[in-house]
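*Asks:* There's a structure below that I have some questions on.
Rule-based calculations on the coordinates, nothing more; no lab input. Predicted model only: the values in this text are computed from it and were never measured. Note that we place each Cβ from the backbone using ideal geometry, even for glycine, and neighbour counts take in every protein chain shown.
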Amino acid sequence: MDNQGMNQNAPSPYGQPIPPQGQPAYGAPQAAPSAPVPAPAAAPAAAASAPAMVAGGSKYEGKSEVSPEDFAYAREVIGKLSAYFESVVVGQNALKNSLITAILADGHILIESVPGLAKTTAAKAISDAVDGKFSRIQCTPDLLPSDIIGTQIYNRATGNFDTVFGPVFANFVLLDEINRSSAKTQSAMLEAMQEHQVTIGGTSYSMPEDIFIVIATQNPIEQEGTYPLSEAQTDRFMLKEIISYPTAGEEVEVLNRIEAGAFQKKPAVLTIKDIDRVQDIAEQVYADESIKYYISSIVTATRHPERSLPAEMAGYVRMGASPRASIAFLRTAKAVALLQGRTYVVPDDVKIMRHAVLRHRIGLNYSAVADHVTVEQVIDRIVQGLPTP
């Protein structure tokens, strides 16, 4: 685990104490948190009141604030990220797109699969492509919160307590096998992931202001010595991606690359400034009001499944998605639009991310488990039952 100590008074690009009166580090005024947009009362009514979309999406092209120069720059950055990932990981295109989407949307991602499917390798590959600070934390049952965020150590020479920062102070943080850490340790990441700050000894310290992305992995089949993530924890992840076994051809390619020694670490191809700029470009991608109504109608339908699902399937839903799902849909849809070579969002950009955004935010009851009903099946029925703008 990368846990290099750092004195509180030493110069650092991050980890600076947050001043009082709400002023963040670096002297910039702190923006007030935006209030969640209230969802419509009923999903069908919201969709009906939304403006109609012109087929092909040409209606939005002229409204985008992304300049041709910025668009070309974003496409170049995306191409480099994709090529670097493919040079290290064989196949797993869905995982590649989700990781790149999370980076463009400035969100955290949870990766789940059985052992040996390159979860850690994929997370490390996408981080190695960028010349930023990377920390890997191997989660274990005896891991303490101070092992992640840092602690205060008494300095006998000065008679003071020095703050030693933990590995969470990095641009990319890999939490390997996060469900092996205790609930107390998992909760240590809540403040960092949501507020981009941590509190050590009663003082709040800011995370890196440019890029801070958490990539967590977990194994769903082992139960001994594991602690399932709480709903509050999983909701902090913008996306959850589930990966499956490679095809026979992909597995042969893995063997060929091992024989050729092709899995050696390569130098970074991008800088933190590149990622910071392309995130700003992604925010400028145009999303029409009809797209926002469509997102709201999907998320609202998860809270009132009886309005869009058959009675039998609606009974399987225990908990719907929070407003964070709507925010995640909008931000990831803009990122997907860039991935698809557009500066405006179309409904398919939302549909593509439906599983990754909602699968960890919708809770099913034991009846669904007994009847072998998956959350992906519920999501698909909800989306199919709503009109597409």
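*Asks:* Using a cut-off of 12 Å between beta-carbons, work out the net charge of the residues near D142 (Lys and Arg +1, Asp and Glu -1, D142 not included). List each step's numbers first, then the result.
*Replies:* Numbers: positive: R180, K184; negative: D147.
Summing Lys/Arg as +1 and Asp/Glu as -1 gives +1.
*Asks:* Ok, one more. Does the stretch 198-287 classify as rounded, prolate or oblate by the C-alpha gyration tensor (a ≥ b ≥ c root eigenvalues; a/c under 1.5 gives rounded; else a/b over b/c gives prolate, otherwise oblate)? Can you show the working numbers first?
*Replies:* Numbers: a/c = 1.87, a/b = 1.25, b/c = 1.49.
Cα axes put the stretch 198-287 in the oblate bin.
*Asks:* For the pair F161 and E312, how long in nm is the line joining their label points, each one 7 Å along Cα→Cβ?
*Replies:* 6.0
*Asks:* Specify whether the C-alpha gyration tensor of the stretch 178-249 places it in the rounded, prolate or oblate class, a ≥ b ≥ c being the square roots of the eigenvalues: rounded for a/c under 1.5, otherwise prolate if a/b is larger than b/c and oblate if not.
*Replies:* Working: a/c = 2.95, a/b = 1.62, b/c = 1.82.
In terms of gyration-tensor shape, oblate.
*Asks:* Would you mind ranking H108, H372, H360, H196 by Cβ crowding within 10 Å, fewest neighbours first?
*Replies:* Details: H108 22, H372 7, H360 25, H196 14.
The most exposed by this proxy come first: H372, H196, H108, H360.
*Asks:* Okay, moving on. Along Cα→Cβ, 7 Å out, is where each label goes; now give me the distance between the ones at T140 and T120 in nm to one decimal.
*Replies:* It is 1.2 nm.
*Asks:* Further question on the same structure: Among A74, I137, I221, pick out the residue whose Cα is farthest towards the positive end of the charge dipole of the stretch 68-271, where Lys and Arg carry +1 and Asp and Glu carry -1 on C-beta, about the Cα centre.
*Replies:* Value: I137.
*Asks:* Take the cross-link list K63/K119; K273/K334; K266/K292; K184/K351; K119/K184; K240/K265 and give me the ones stretching past 30 Å between alpha-carbons.
*Replies:* On the way: K63/K119 39 Å; K273/K334 20 Å; K266/K292 40 Å; K184/K351 35 Å; K119/K184 24 Å; K240/K265 26 Å.
Result: K63/K119; K266/K292; K184/K351 exceed 30 Å.
*Asks:* Is the stretch 232-387 best put as rounded, prolate or oblate by its Cα gyration tensor, with a ≥ b ≥ c the root eigenvalues, rounded for a/c under 1.5, and otherwise prolate when a/b is larger than b/c, oblate when not? Can you show the working numbers first?
*Replies:* On the way: a/c = 2.38, a/b = 1.34, b/c = 1.78.
The shape class here is oblate.
*Asks:* Could you work out how much longer the chain between R303 and V369 gets when fully extended? Use 0.36 nm per residue separation minus the Cα distance between them, nm to one decimal.
*Replies:* Details: separation 66, 0.36 × 66 = 23.76 nm, distance 1.93 nm.
Net length gain for the segment: 21.8 nm.
*Asks:* Now for a different question. Which value in nm describes the separation of the simple spin-label points at N256 and A83, placed 7 Å from the Cα toward the beta carbon?
*Replies:* Here the modelled spin labels are 2.0 nm apart.
*Asks:* Working out 0.36 nm times the residue gap between M319 and Q384, then minus their Cα-Cα distance, what length gain in nm do you get to one decimal?
*Replies:* Working: separation 65, 0.36 × 65 = 23.40 nm, distance 1.94 nm.
Roughly 21.5 nm would be gained on extension.
*Asks:* Further, regarding this structure: Full-extension gain between Y227 and S182, please, as 0.36 nm times their residue separation minus the C-alpha to C-alpha distance.
*Replies:* Difference between extended and current length: 15.6 nm.
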